[in-house]
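Notes for the one structure printed next.
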Amino acid sequence: MNAFFKLKQTSFVNQRRYEAFVFLLLFSLFFGYLGHHMGIANLLNTIMNTAWDLLMNTVFFIMGITVLSGALGRLMIEFGVVRLLEFLLKPFMRPIFNLPGVAALAGLMTFFSDNPAIISLANDKNFKKYFHEYELVSLANFGTAFGMGLIVLTFMAGLGFFGPALVGLFGAIVGAVISTRLMQRLIRNKITSTDTEERRGEDNDIRFKSEGNTFLRFLNALLDGGKSGVDLGLAIIPGVLIISTMVMIVTFGPKEAALGYQGLAYEGVPILPKLAGYASGVFEFLFGFTSPELIAFPITALGAVGAALSLVKAFLAEGLITGNVIAVFTAMGMTWSGYLSTHTAMLDTLGHRSLTSKALLAHTIGGIFAGIVANYAYKLVIYAGIL
């Protein structure tokens, strides 16, 4: 037994050493390549200046949006708007998403906040009893497709693209339908229902507890919603600063080609556009992307939509943004909304971590179709003269 334990421990140590060697090799190759083109001093200055600019000019802008949208979302919950929307949306849930009517509440909650909001609902016994087990698991896909939706829409509208953002919302809804139904199809025969309580009808409402007089409820909703917005704004800082900085370093070149690298914010070596350029025709056909740099947004949205939003201002400054691009960004940003970083935890909480790969596959396909639909829906709207 001792010999087996020592052998296993030795194998573990060797594996860790191998991982360390591979990590150092890849780390050195990546930053060595960047440093070779930019110069080490310029590379370090660019990283710090980009992170600082993102913090000051993007994170706090997004945080302002999250605080206001958080307060608005809490007010809508407190004074029954969400309950009203749930009532209006109920008739559409089963034919469109193959989910019970109360699932509309899950979509609204994640739309006004973020993906994890679905977990508190899915773990509520009063909420769970409306679902078959496979339907409950598919909520991870359904809820994620609307994560941070209000923030994404508000951000795009704040840049003057309200119409294209609405087209993007339509694309996100289509993506949600595809992701949710595909997930159900993939897992329906692989899940044995664990329901122990009789499923209730769909005429009952999920209710929120309200206390105090109207003014106190109004004030508490504003402050509590704003506080949750601050928490969400703080939560996106690592993603924006780390992911966006790395993405931008491999997306843009020097600010002024004649002067070369100066260590300024948003400089880098355009590796990503070069790679995307090999499939530029595909991206233009599917999403209407005329510049390969634009592929950085959906790639970043896979991990964090807040970080992806930080790219929009940079693209706008470069003159790469059009209404069509905003529609696609909104659709893919909402549908994916960082699902790679949340799906595992969400399914683990639901007790079905083994289904993570199927959820990721379904959501990847849903996000791609969301972008395609938004692209062609926007072109149709423009052709019809609606926008």
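Taken together, Ala370, Ala345, Ala317 contain a single residue that is buried (at least 18 other Cβ atoms within 10 Å of the Cβ) and of a type outside the set (S, T, N, Q), which is Ala370.
Could you please let me know if Thr349 is within 15 Å of the chain's Cα centre (by Cα) and among the hydroxyl-bearing types (Ser, Thr, Tyr)? Answer is no for this residue.
Is it the case that some residue within region 122-137 is under 18 Å from Tyr339 (Cβ atoms) and not hydrophobic (A, V, I, L, M, F, W, C)? No, the conditions are met nowhere in region 122-137. The listed residues are Tyr376, Tyr339, and the only one of them that is free of Cβ contacts under 8 Å to residues at least 12 places away in the same chain and not small (Gly, Ala, Ser) turns out to be Tyr376. Looking across region 342-365, the residues that are closer than 24 Å to Ala235 by Cβ and in contact (Cβ under 8 Å) with a residue 60 or more places away in the chain come down to Thr342, His343, Ala345, Met346, Leu347, Thr349, Leu350, Ala359, His363.
Checked across region 321-328, the condition of being of a type outside the set (A, V, I, L, M, F, W, C), part of a helix (DSSP H, G or I) and surrounded by fewer than 24 Cβ atoms within 10 Å (Cβ to Cβ) holds for at least one residue.
Do the conditions hold for Ser337, that is, is it small (Gly, Ala, Ser) and crowded, with 18+ Cβ neighbours inside 10 Å?
yes
Residue check: is Ala307 within 22 Å of Thr50 (Cα to Cα), out of contact with any Gly (no Cβ under 6 Å at 6 or more places or on another chain) and at pLDDT below 90? Judged against the criteria, Ala307 is not a match. Looking across region 239-296, the residues that are among the small types (Gly, Ala, Ser) and either within 17 Å of Phe329 (Cβ to Cβ) or in contact with a Leu (Cβ under 9 Å, 6 or more places away or on another chain) (or both) come down to Gly239, Ser244, Gly263, Ala265, Gly268, Ala276, Gly288, Ser291, Ala296.
For region 247-263: of the residues being assigned to a loop (DSSP other than H, G, I, E, B) and of a type outside the set (Gly, Ala, Ser), which is surrounded by the fewest Cβ atoms within 10 Å (Cβ to Cβ)?
Per the criteria, the residue is Leu259.
Against the test of being assigned to a helix (DSSP H, G or I), acidic (Asp, Glu), at negative phi and at pLDDT 85 or above, the options Glu267, Glu284 yield a single qualifying residue, Glu284. Considering Phe23, Phe12, Phe5, the condition of being at pLDDT 85 or above and over 24 Å from Ser310 (Cβ atoms) is satisfied by Phe23 alone. Looking at region 77-152, the helices (runs of 4 or more DSSP H) lying wholly inside it that each contain 2 or more residues that are in contact with a helix residue (DSSP H, G or I) (Cβ under 8 Å, 6 or more places away or on another chain) and modelled with pLDDT of 80 or more sit at 81-97, 103-112, 133-144.
The values are calculated or read from the model by the stated rules, or taken from the named source; none is laboratory data. Quantities reported herein were computed from a predicted structural model and do not represent experimental measurements. Methodologically, a virtual Cβ is constructed for each residue, glycine included, from the backbone with ideal geometry; neighbour enumeration extends over all protein chains shown.
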